[in-house]
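What follows is one structure encoded as structure tokens, with my remarks underneath.
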Amino acid sequence: MNVFKGEITSLPPDKSISHRAALIGALAEGTTEIANFSGGYDNQSTLSVLRDAGIAIRQEETAAAGGRVIRNVVIESRGLWSFTKPSVPLMCNNSGSTMRMLAGILAAQPFRSELVGDASLMKRPMKRVADPLRQMGAAISLSGEGTAPVVIDGSRDLKTIEYLLPVPSAQVKSLVAFAAMHADGRSKIIEPIRSRDHTELMLGLQTIDRPDGVREIIIDGRKPVAAKPFNVPSDPSAACFMIALGLLGRNSEVVLRNVCLNPTRVAYIDLLQEAGAGLVIENARSEGGEPVGDIVVRSCSGLKPLRISDHGVVAGVIDEIPMLSVLSAFASGEFELHNAAELRTKESDRIDALVVNLQRLGFDCEQYPDGFVVKGRTGVIPENAHIECFDDHRIAMSFAIAAEAAGASLELSDRDVAGVSFPGFFATIEALRQ
Ligand code: S3P
């Protein structure tokens with residue numbers, strides 16, 4: 001087992017907040033300055049499609065202490081209808097957030113646009129995008145399988161909507177909110193299961209928490225959005241990998257600085273603390289409307305096996321399940337997940353990807369439609385086991401972390417895919433290895 005020690009000040013800026021800062025900047029009147037924008041491929045895809053749709057964007061890099069690069073983005077826009085008809089299909093690459101959230105904005109622009117992606121994104125469900133936008137009056141066409149290309153004939157006269165979210169999805173919630181910002185009147189989104197709330201916070205939307213636990217989000221359309229600066233904290237969904245490294249490593253201690261601790265993003269930390277992990281939050285504070293803090297991780301032995309089935313918990317750890325399941329399997333030999341069919345619609349079918357790869361590493365697993373179980377180890381990790389990454393950054397990184405900590409050599413089918421959300425992922429591990 002390897003030992004990892006050190007402090008990480010250069011975790012990637014949050015992917016969700018970076019996407020939204022760029023999209024909101026494009027909808028705002030004036031100059032939006034975004035400090036610490038993510039250099040991940042997904043966030044760069046958002047900038048490039050916004051440029052293709054007529055938005056003026058500058059990106060500058062400055063060197064900071066410890067060889068760190070801070071990327072700042074400046075967006076100039078004239079408000080809700082500043083987009084122009086793209087002359088090319090808008091290439092979102094691997095980024096579902098880019099495709100879905102941008103669709104909400106393009107639905108309100110009076111021209112045709114087409115959204116496409118890489119092989120993984122072209123397989124992901126887009127009916128959840130088309131349904132509310134059609135209700136609002138945009139014409140949307142999808143492939144026969146309900147996937148991209150998403151062809152949008154936008155309408156300048158979108159209708160308001162009262163929309164009950166059929167899946168707990170922050171992307172769907174956000175795209176409806178972005179479309180509703182263009183409609184003439186008040187719209188309401190009804191959210192039975194809580195998902196990340198960055199869009200609401202960044203736009204200052206009114207939310208009502210009903211006694212039955214359901215949240216309502218109110219959007220008053222056609223209100224000008226004043227440009228304001230954003231400062232993006234570190235991504236908790238990237239931190240989850242380095243947390244796992246510190247927990248699984250021998251005699252390890254890793255400190256992660258300035259991590260976003262928004263309550264809708266910390267279920268991973270809560271679950272691990274309940275399972276007995278050595279995790280401490282220090283310097284909890286608020287920055288730019290988001291709670292942030294430092295996370296101190298010490299290696300732990302005797303982590304209790306994780307069992308997850310509550311719908312709200314599943315929504316809260318949806319991006320962390322790959323790392324969480326691999327961590328639980330390596331630390332305790334067991335893991336169990338239910339009510340998580342949504343995982344099959346991510347960058348890969350993550351239930352299948354996790355089970356196939358865990359089996360290759362000698363775990364006894366079984367999958368079912370909405371989850372999987374790891375029952376124990378049947379053998380040792382084979383030398384140079386091949387891990388299939390399925391175009392999925394989180395699958396690649398989860399297995400890379402477990403192998404690093406165990407001192408095992410794995411062959412990843414694709415190392416570069418980590419850059420989708422975590423440029424410098426392998427260098428960060430190197431810097432911590434003793
Ligand atoms: C995201 C929401 C989640 C998450 C994705 C980012 C966002 O997707 O999996 O990585 O930024 O809104 P869903 O909203 O589709 O669950």
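Of the residues making up the range 356-374, those that are polar (S, T, N, Q) and open to solvent by less than 40 Å² (accessible area, probe 1.4 Å) number 1. The number of residues in the range 73-114 that are more than 19 Å from the chain's Cα centre (by Cα) and in contact (Cβ under 8 Å) with a residue 40 or more places away in the chain comes to 22. What about I295, is it outside any strand (DSSP E or B) and surrounded by 20 or more Cβ atoms within 10 Å (Cβ to Cβ)? Considered against the rule, which asks whether it is outside any strand (DSSP E or B) and surrounded by 20 or more Cβ atoms within 10 Å (Cβ to Cβ), I295 comes out as no.
Here the condition is being in the same structural domain as S97 (by TED's automatic domain parsing), of a type in the set (V, I, T) and more than 16 Å from the ligand (Cβ to nearest atom); of I208, I189, it holds for I208 alone.
Which condition number does P89 fail, the rest of (1) surrounded by fewer than 18 Cβ atoms within 10 Å (Cβ to Cβ); (2) touching a Cys at 6+ places or on another chain (Cβ under 6 Å) being met? Failed condition: (2).
Taken together, the residues in the range 298-339 that are crowded, with 20+ Cβ neighbours inside 10 Å and charged (D, E, K, R) amount to 2.
Among the residues making up the range 165-182, those that are within 12 Å of the ligand (Cβ to nearest atom), in contact with a Pro (Cβ under 8 Å, 6 or more places away or on another chain) and not in a loop (DSSP other than H, G, I, E, B) are V172, L175, V176.
Among the conditions (1) within 12 Å of the ligand (Cβ to nearest atom); (2) open to solvent by 30 Å² or more (accessible area, probe 1.4 Å); (3) within 21 Å of L361 (Cα to Cα), R350 misses just one, which is (2). Would you pick out the residues in the range 199-254 that are touching a Phe, Trp or Tyr at 6+ places or on another chain (Cβ under 7 Å) and of a type in the set (S, T, Y)? Matches in the range 199-254: S252 only. Selection of the range 413-430 for residues being open to solvent by 40 Å² or more (accessible area, probe 1.4 Å) and within 18 Å of L245 (Cβ to Cβ) yields R415, P423, G424, F426, A427, E430. Among residues of the range 285-307 that are touching a residue at least 24 places away in the same chain (Cβ under 8 Å) and more than 18 Å from N258 (Cα to Cα), those with a beta-carbon under 6 Å from a residue that is in a strand (DSSP E or B) and of a type in the set (G, A, S) at least six positions away or on a different chain give the pairs C300/G278. Give me the residue from the range 123-146 that is within 16 Å of the ligand (Cβ to nearest atom) and more than 17 Å from M101 (Cβ to Cβ) and, out of that set, least open to solvent (accessible area, probe 1.4 Å). If we take residues in the range 123-146 being within 16 Å of the ligand (Cβ to nearest atom) and more than 17 Å from M101 (Cβ to Cβ), then G146 is least open to solvent (accessible area, probe 1.4 Å). For A244, indicate whether it is touching a Cys at 6+ places or on another chain (Cβ under 7 Å), in contact (Cβ under 8 Å) with a residue 24 or more places away in the chain and surrounded by 22 or more Cβ atoms within 10 Å (Cβ to Cβ). It is false that A244 is touching a Cys at 6+ places or on another chain (Cβ under 7 Å), in contact (Cβ under 8 Å) with a residue 24 or more places away in the chain and surrounded by 22 or more Cβ atoms within 10 Å (Cβ to Cβ).
Select the strands (runs of 3 or more DSSP E) contained entirely in the range 326-434, then report the ones holding at least 1 residues which are hydroxyl-bearing (S, T, Y).
Ranges flagged: 363-368.
The condition of being open to solvent by 60 Å² or more (accessible area, probe 1.4 Å), in contact (Cβ under 8 Å) with a residue 60 or more places away in the chain and within 16 Å of the ligand (Cβ to nearest atom) holds for only one of R222, R194, R156, that being R194. Restricted to the range 1-27, and to residues there that are of a type in the set (S, T, N, Q) and buried (at least 24 other Cβ atoms within 10 Å of the Cβ), the residue that is nearest to W81 (Cα to Cα) is S18.
The values are calculated or read from the model by the stated rules, or taken from the named source; none is laboratory data. All values reported here derive from a predicted model rather than from experimental measurement. Backbone-built Cβ (ideal geometry, glycine too); neighbour counts: all protein chains shown. These area figures cover heavy atoms from the full protein model, side chains too; ligands, DNA and RNA do not enter into them. Shrake-Rupley method; radii C 1.70, N 1.55, O 1.52, S 1.80 Å.
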